[in-house]
1. Run down Leu236, Leu242 and say which single residue is within 15 Å of ligand 1 (Cβ to nearest atom) and assigned to a helix (DSSP H, G or I).
2. Does Thr47 satisfy the criteria of being out of contact with any Cys (no Cβ under 6 Å at 6 or more places or on another chain), among the β-branched types (Val, Ile, Thr) and free of Cβ contacts under 8 Å to residues at least 24 places away in the same chain?
3. Which pairs have Cβ atoms under 7 Å, sit 6 or more apart or on different chains, and link a residue in the stretch 176-191 that is among the charged types (D, E, K, R) to one that is within 16 Å of ligand 1 (Cβ to nearest atom)?
4. Do you know which of the residues in the stretch 137-161 that are charged (D, E, K, R) and within 9 Å of the chain's Cα centre (by Cα) is nearest to ligand 1 (Cβ to nearest atom)?
5. Would you pick out the residues in the stretch 315-356 that are among the charged types (D, E, K, R) and in a loop (DSSP other than H, G, I, E, B)?
6. Tell me the helices (runs of 4 or more DSSP H) entirely within the stretch 74-192 that contain at least 1 residues that are within 12 Å of ligand 2 (Cβ to nearest atom) and modelled with pLDDT under 90.
7. Quick check on Ile333: is it open to solvent by less than 70 Å² (accessible area, probe 1.4 Å), closer than 10 Å to Tyr295 by Cα and at pLDDT below 85?
8. Does Met277 meet the test of being free of Cβ contacts under 8 Å to residues at least 40 places away in the same chain and open to solvent by less than 20 Å² (accessible area, probe 1.4 Å)?
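The values are calculated or read from the model by the stated rules, or taken from the named source; none is laboratory data. What you are looking at is a predicted structure, and each value in this text was computed from that prediction instead of being measured. Because the Cβ atoms are built from the backbone with ideal geometry, glycine has one as well, and the counts that use them run over all protein chains shown. All accessible areas refer to the heavy atoms of the entire protein, side chains included, with ligands and DNA or RNA removed. Shrake-Rupley method; radii C 1.70, N 1.55, O 1.52, S 1.80 Å.
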Amino acid sequence: LLKVTEFISANDLAALLDVSVNQIISTCMSLGMFVSINQRLDAEAITIIADEFGYDVEFTKSIEDEIVEEVEDDPEDLVERAPIVTIMGHVDHGKTSLLDYIRTSKVTADEAGGITQHIGAYDVTTKTGHKIAFLDTPGHEAFTAMRARGAKITDVAIIVIAADDSIMPQTKEAINHAQVAGVPMIFAINKIDKPNANPNKIKEELANMNLLIEEWGGKYQSQELSAKTGEGVDDLLEKVLLEAEVLELKANPDKNAVGTVIEASLDKGRGYVTTIMVQSGTLNIGDITLAGKHYGRVKAMFDHKGKKLKTAGPSTPVQLLGLSGAPQAGDIIKVYDTEREAREIANSREQIQREQSLRTKKHITLDEIGRRL
Ligand code: GTP
Ligand code: MG
């Protein structure tokens, strides 16, 4: 039995399994998963890999989970918040196109080869005046962990399925992530403008997976649509809002912000740019934030259109400047009252990481000795 926390790196998993990281990588490759040394693995990948090496897995709480554990909010402080909706599905089934249509601007046109490679975060106000925060995830098979993370911070999942295709491996994976995360799903049967579209075939395939849609007497909402012509998109949004209403989503905006890192990168000239989803509390310019082992005061914030923001409340995706480095996607970001507090936690995380990498190093040396003997 292997006790492990989710999202450990391939390197750390190798150390725990007492094998070399190369063995992990080649095992993954033979299973059709491409992982790099420092890549964090989701629960599914960890389970599969451990199984290959003869281990059962038990997931334990991470230090992160414990630090982040929240004090319960007083119900009186809670106010309604917008739903966070993640769009998932197989590669090329039209996730980004659907979002492009919803926000009436083109992302697909900027994507190299039209393949989404990272999570995009957008804030949308619908024609009916409702706010929805969207996460666009990549469908390519290499991005399992990203999809798992997307599913984790989401309230509702839209599973996009192309009506001229079938339920594909990453469709199944996306459904699985949503189910594991306990997130309600809405099936968006896309590309119905195509002459060879066959939405009924998709509905049948869903039924065969025990996912019976409402129209057929089941419990899952679905919507036929075209991201190209826009047909059915408004109806889909209505269904999203309906699903969200049932969830009675609330957050306390009057406290230090807590959110999740969506992505981070170094921008020449601007420094580290971190995209986060604020989940509760309100983030302000000047707040002392900590994510992973990086901390700093928020120097500036922008929405996805590049517009400057002074504050960001619950369910708002923002890009922020001011962290000392690039945290990992999936890291929790929190605001602290003093810089000292943030620094101390950052340092202890740094130390844990150093210890882990020492363990791995030691392991490689032993392995090399083994090979020489
Ligand atoms: P990944 O992010 O790489 O997984 O792909 P995606 O699901 O975001 O697909 P994307 O939106 O990039 O669309 C893939 C292709 O399908 C593009 O050429 C789109 O123009 C086309 N497409 C998407 N939706 C529709 C639709 O409703 N009708 C038609 N005819 N084409 C569509
Ligand atoms: Mg895309």
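1. Step by step, each of Leu236, Leu242 is checked, and only Leu236 is within 15 Å of ligand 1 (Cβ to nearest atom) and assigned to a helix (DSSP H, G or I).
2. yes
3. Going by the 7 Å Cβ cut-off, the qualifying pairs are Lys191/Gly94; Lys191/Ala162; Lys191/Ala163; Lys191/Asp164; Lys191/Ala197; Lys191/Ser226.
4. Ranking the qualifying residues of the stretch 137-161, first place goes to Arg147.
5. Hits for the stretch 315-356 are Asp331, Asp337.
6. Filter on the stretch 74-192 gives 144-152.
7. Judged against the criteria, Ile333 is not a match.
8. When the stated conditions are applied, Met277 does not pass them.
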